[in-house]
Amino acid sequence: MPRFDPALTADVLMEALPYIQRLFDKTVVIKFGGNAMVDATLQDAFARNIVLLKQVGVNPVIVHGGGPQINDLLKKIGKEGEFVEGMRVTDRETMDVVQMVLGGLVNKDIVALINRHGGRAVGLTGRDAGLVRARKLKVTRKRPELEEPEIIDLGHVGEVASIDPGIIRTLDASDVIPVIAPIGVGEDGEAYNINADVVASKIAQVLGAEKLLLLTNTAGVLDSSGKLLTGLSADDVERLISDGTIYGGMLPKINFALDAVRGGVRTVQIIDGRVPHAVLLELLTDQGVGTLIRG
């Protein structure tokens, strides 16, 4: 007895065909994070998904996080991670750890996994070739007991000042998959830790990407009854924020998605990275596995 139904296999391939044709020679920026980064099975599926996309003519660009891995190394050296307003306080010692983990361990592991499955990937940080120019992030917080907002120094935490996509375009033209760690470089040459969602959104805008995919640990944007919402316009999203449907930890990610579509990215998909092969299911099937946002 066959292990699979040939007719079903053919149907799946035919379902994918129009999506492959639509995405041919288009750029898709994918932020890789969450459970997908720490589960070996999901890591392997992600790498194979990226290789397949490149093989059928899509140009994937990977931007990755690495928060859990940074926390693990900080603990090993006896240093506790500190967060303010959800952002990591990054003193010089912590910045050294961030660079070792993001630019070294995590980045090179992703590159090696893609290459093992037949792809050609190269690891970068935003410091390479001036890819991500950064400036120090200024954060203020209002406190009832203070007349003026409190200025919070997060250390080497930055925001994107500009993106120079030249090296990404060079790699794409050589059929190489860029894998980018979200570390920027300031005018003073200092390294800055930047939110990976922000870097992915800004790179997608500068490249004029067809799609930006943000892998998360949730199914996507849910309504008040827990039902997945998709096919949302920017105006729809604004209403969901106003009425409180979108709140808490999803808000920053949604704002980065809105920034991307308003900056020229055709669609943003917030997808569940806990689902094996989530990238292919979202890009190449009718059903999808997340929330699609369009401009």
Listed by first then second residue, the pairs whose first member lies in the range 66-78 and is at negative phi and hydrophobic (A, V, I, L, M, F, W, C), whose partner is surrounded by fewer than 11 Cβ atoms within 10 Å (Cβ to Cβ) and part of a loop (DSSP other than H, G, I, E, B), with beta carbons under 9 Å and at least 6 positions apart or on separate chains, are L74/E80
Q. Does R262 count as out of contact with any Lys or Arg (no Cβ under 7 Å at 6 or more places or on another chain), of a type in the set (D, E, K, R) and either touching a residue at least 24 places away in the same chain (Cβ under 8 Å) or closer than 28 Å to L17 by Cβ (or both)?
A. yes
Given the conditions (1) out of contact with any helix residue (DSSP H, G or I) (no Cβ under 8 Å at 6 or more places or on another chain); (2) more than 17 Å from G184 (Cβ to Cβ); (3) exposed (fewer than 14 other Cβ atoms within 10 Å of the Cβ); (4) not hydroxyl-bearing (S, T, Y), every one holds for K138 apart from (2)
Exercise. Tell me, please, whether a residue that is in contact (Cβ under 8 Å) with a residue 24 or more places away in the chain, in a helix (DSSP H, G or I) and either in contact with a strand residue (DSSP E or B) (Cβ under 8 Å, 6 or more places away or on another chain) or more than 16 Å from G263 (Cβ to Cβ) (or both) can be found in the range 227-235.
Key: yes
Of those in the range 128-144 that are modelled with pLDDT under 95, closer than 14 Å to I194 by Cα and not in a strand (DSSP E or B), the residue nearest to the chain's Cα centre (by Cα) is L137
Residue hits (the range 85-116; in contact (Cβ under 8 Å) with a residue 60 or more places away in the chain, open to solvent by 60 Å² or more (accessible area, probe 1.4 Å) and over 21 Å from the mean Cα position of the chain (by Cα)) are D91, R92, R116
Here the qualifying pairs (Cβ atoms under 7 Å; residues six or more apart or on different chains; first in the range 48-64 and on the phi < 0 side of the Ramachandran plot; second open to solvent by 20 Å² or more (accessible area, probe 1.4 Å) and of a type in the set (S, T, N, Q)) come out as N59/T27; V61/T27
Just to be sure, is G78 assigned to a loop (DSSP other than H, G, I, E, B) and within 27 Å of R169 (Cβ to Cβ)? no
Those helices (runs of 4 or more DSSP H) completely within the range 1-68 that have 2 or more residues that are under 30 Å from E82 (Cβ atoms) are 35-38, 40-55
The residue from I168, I180 that alone is open to solvent by less than 50 Å² (accessible area, probe 1.4 Å) and not in a strand (DSSP E or B) is I168
Flagged in the range 14-37 as among the hydrophobic types (A, V, I, L, M, F, W, C) and surrounded by fewer than 16 Cβ atoms within 10 Å (Cβ to Cβ), in numbering order, are M14, L17, F24
P68 vs (1) of a type outside the set (A, V, I, L, M); (2) loosely packed, with under 14 Cβ neighbours inside 10 Å; (3) at pLDDT below 95: all pass except (2)
Among residues of the range 145-165 being at pLDDT 85 or above and assigned to a strand (DSSP E or B), the residue nearest to L52 (Cα to Cα) is I163
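The values are calculated or read from the model by the stated rules, or taken from the named source; none is laboratory data. Being a predicted model, the structure only gives us computed values, none of them experimental. A quick note on method: Cβ atoms are made from the backbone with ideal geometry, for glycine too, and the neighbour counts reach across all protein chains shown. Ligands, DNA and RNA are excluded from the accessible area calculation, which covers all protein heavy atoms including side chains. Shrake-Rupley method; radii C 1.70, N 1.55, O 1.52, S 1.80 Å.
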